1. Which pairs do you get when a residue that is within 20 Å of Pro58 (Cα to Cα), found in segment 6-32, comes within reach of a residue that is open to solvent by 50 Å² or more (accessible area, probe 1.4 Å) and aromatic (Phe, Trp, Tyr), reach meaning Cβ atoms under 6 angstrom, with the pair 6+ apart or on two chains?
2. How about segment 22-68: which of its residues are farther than 15 Å from Pro156 by Cβ and assigned to a strand (DSSP E or B)?
3. Scan the strands (runs of 3 or more DSSP E) fully inside segment 238-321 and keep the ones with 2 or more residues being polar (S, T, N, Q).
4. Would you mind stating whether Thr238 is open to solvent by less than 50 Å² (accessible area, probe 1.4 Å), touching a strand residue (DSSP E or B) at 6+ places or on another chain (Cβ under 8 Å) and at pLDDT 95 or above?
5. Being assigned to a strand (DSSP E or B), small (Gly, Ala, Ser), open to solvent by less than 10 Å² (accessible area, probe 1.4 Å) and touching a helix residue (DSSP H, G or I) at 6+ places or on another chain (Cβ under 9 Å), is that true of even one residue in segment 129-139?
6. Under 6 Å between Cβ atoms, at least 6 apart or on separate chains: pull out the pairs that start in segment 169-190 with a residue that is within 21 Å of Glu299 (Cα to Cα) and end on any residue that is of a type in the set (A, V, I, L, M) and part of a helix (DSSP H, G or I).
7. If I ask for residues that are in a loop (DSSP other than H, G, I, E, B) and out of contact with any helix residue (DSSP H, G or I) (no Cβ under 6 Å at 6 or more places or on another chain), which ones from segment 113-128 would you list?
8. Can you list residue pairs whose Cβ atoms sit under 7 Å apart, with the first residue in segment 134-152 being touching a residue at least 60 places away in the same chain (Cβ under 8 Å) and the second being aromatic (Phe, Trp, Tyr)? Count only pairs 6 or more apart in sequence or on different chains.
Amino acid sequence: MIATKSYAAQKAGDTLAPFNFERRDPGPHDVEIDILYCGVCHTDIHLVNNDWGISVYPMVPGHEIIGRVVSVGEHVKKFKPGDTAGVGCLVDSCRDCEYCNEGLEQYCANGFVLTYSAYEKDGKTITQGGYSSKIVVDERFVLKVDKRLSPEKAAPLLCAGITTYSPLKQWKVGKGHKLAIIGLGGLGHMAIKFGVSFGADVTVLSTHENKRADALKLGAHNFVVTTDEEQLKTVANTFDFILNTLSVPHDYNKYVGLLKTGGTMICVGLPTEPMQVPSFNIVFTRRCIAGSLIGGLPETQEMLDYCAENNITADVEVIPIQYIQDAYKRIQNSDIKYRFVIDMKSL
């Protein structure tokens with residue numbers, strides 16, 4: 001077993017504190033990684049607080065992991081010691097259902113295994129995430145990270161990046177499309193970068209006027225303050241696609257009306273309250289509401305390679321692990337541009 005340092009929550013809403021535990025020794029197909037950086041996702045806060053009622057404790061959060069390979073199992077083919085590698089939101093799945101066979105492990109029919117706050121396939125070992133010094137993962141769920149990517153700026157690509165890349169690729173968003181992005185945070189700022197790179201006309205929808213300059217600086221073509229009814233009227237029935245990144249309760253119907261007939265709103269945030277949209281606003285306009293969950297391993301690798309080729313990374317603020325509670329408070333106050341990343345040397 002491998003001694004591992006971390007920060008963990010022992011119960012719902014707990015303050016994260018130092019926690020020592022053991023990782024398994026690498027098996028024939030495993031990759032052992034010394035973690036260099038780990039991004040801080042809003043999901044970490046939801047799971048620490050058990051907002052969705054699915055949390056497992058003790059909990060070491062973190063699923064935006066970049067590190068250096070230190071050892072590999074005898075049957076590992078894709079990695080060698082010294083490689084820079086990434087681990088995202090999943091560390092296992094059944095590997096044999098129709099979705100896993102299509103490289104869509106995030107929709108595994110028999111249940112995927114989250115990087116943390118879940119149980120391994122043995123049904124008893126709790127998975128622990130990237131707010132830690134080491135991780136051991138089957139090579140199928142480990143990703144190659146091109147040396148052209150700065151590791152601290154690449155870490156958020158493992159969740160915020162693939163969460164926004166995947167739906168834009170799935171719905172073939174690109175040149176000739178009007179794309180709106182709801183929210184300018186960790187997800188929203190990545191969505192702007194991908195949307196612009198794919199050739200779409202990008203508009204940011206935000207409740208905060210003070211985010212206009214940042215949205216335009218990131219590459220957005222337009223900006224609309226959603227609390228201003230006059231501004232909203234100018235974009236009614238306008239967009240081919242809306243990517244909704246909000247993870248807080250909000251009025252979905254307000255945004256559905258901004259879609260063209262036949263337009264689609266893709267939801268990637270997970271608010272704690274149910275979605276409510278009058279059927280008339282969908283049936284009479286052939287508008288669609290869809291959802292998208294991260295991406296499979298092949299698509300995540302595709303996204304990382306695309307980012308390396310096109311110089312796309314996250315805007316980050318690097319912090320020591322001891323700052324994590326303050327970071328959580330700032331995330332909840334939307335006081336971050338746009339992703340915290342923990343430097344694991346601080347452990």
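The values are calculated or read from the model by the stated rules, or taken from the named source; none is laboratory data. A quick note: this is a predicted structure, and the numbers were derived from the prediction, not measured. Cβ placement follows ideal geometry from the backbone for every residue including glycine, while neighbour counts extend to all protein chains displayed. The area values use the complete protein model at the heavy-atom level, side chains included, leaving out ligands, DNA and RNA. Shrake-Rupley method; radii C 1.70, N 1.55, O 1.52, S 1.80 Å.
1. That search, which allows pairs on different chains as well, returns Gln10/Tyr57; Lys11/Tyr57.
2. Glu22, Arg23, Asp30, Val31, Glu32, Ile33, Asp34, Met59, Arg68
3. 259-267
4. On the way: open to solvent by less than 50 Å² (accessible area, probe 1.4 Å): yes; touching a strand residue (DSSP E or B) at 6+ places or on another chain (Cβ under 8 Å): yes; at pLDDT 95 or above: yes.
So Thr238 fits the description; yes.
5. Looking for residues that are assigned to a strand (DSSP E or B), small (Gly, Ala, Ser), open to solvent by less than 10 Å² (accessible area, probe 1.4 Å) and touching a helix residue (DSSP H, G or I) at 6+ places or on another chain (Cβ under 9 Å), one finds at least one in segment 129-139, hence yes.
6. Note: pairs meeting the criteria are Gly186/Ala160; Leu187/Ala160; His189/Leu218; Met190/Ala160.
7. Thr115, Tyr116, Ala118, Glu120, Lys121, Asp122, Gly123, Lys124, Thr125, Thr127, Gln128
8. Glu139/Phe79; Val142/Phe79; Pro151/Tyr37; Glu152/Tyr37
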